[in-house]
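In what follows, a structure is listed as structure tokens, so that the remarks can point back to it.
Any read-out appearing in this document is the output of simple, stated calculations on the displayed coordinates, not a laboratory observation. Everything quoted here is computed from the prediction, not taken from an experiment. Glycine gets a Cβ as well: all are built from the backbone with ideal geometry, and neighbour counts include every protein chain shown.
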Amino acid sequence: MIKGKIFGYFFVITLVLTSCKTASINPVSKTDIREIINSSEVILVDVRIPEQYEAGTAKGAINIPLAEIQSNLDSLKGKKVVVFCNKGIQADQAMEILKKNGVEAYDGTSLQNVKAIQNEKPSGK
């Protein structure tokens, strides 16, 4: 009887652990994210609060604070979007919302990362 209960618990735990994997976000290589950020077809979205955005952002970026991403989905659908914030935490949350709603989104991580990519000199030219 006890062996049956132990097996049952083991089976349930195994089932839960293997079935609760979240959808993975396709990783983008450093080269690809550079091309995406510098593409004229992409929308750069700063998900920080307006005060932070106004203090400085990446070239061409628009401000849609994380709290407003859900209500702005229609304006982002069908477009390539790169999201970023201060350290990448809010960008990760924005990515999750956008991906769940069918938006082609890429994680630019931080403002510093996006600005550094924009300021890189093209290699080999």
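Across q = 0.14, 0.15, 0.19, 0.21 Å⁻¹, region 28-119 modelled as identical point scatterers on its alpha-carbon atoms has Debye log10 I(q)/I(0) values of -0.41, -0.47, -0.78, -0.96, in the order of the q list.
Taking the fewest neighbouring Cβ atoms within 10 Å as the starting point, the ordered list for 83, 114, 42 is 42, 114, 83. For 35, 41, the sequence from fewest to most other C-beta atoms within 10 Å is 41, 35.
Of all aspartates and glutamates in the structure, those lying under 19 Å Cα to Cα from residue 79, and not within fewer than 8 positions of it along the same chain, are 32, 35, 41, 46, 68, 92, 96, 104, 107.
For the pair residue 55 and residue 79, the difference between a 0.36 nm per residue extended length and the Cα-Cα distance amounts to 6.0 nm. The gain in end-to-end length when the residue 63 to residue 118 segment is fully stretched comes to 18.1 nm, 0.36 nm per residue minus the alpha carbon separation.
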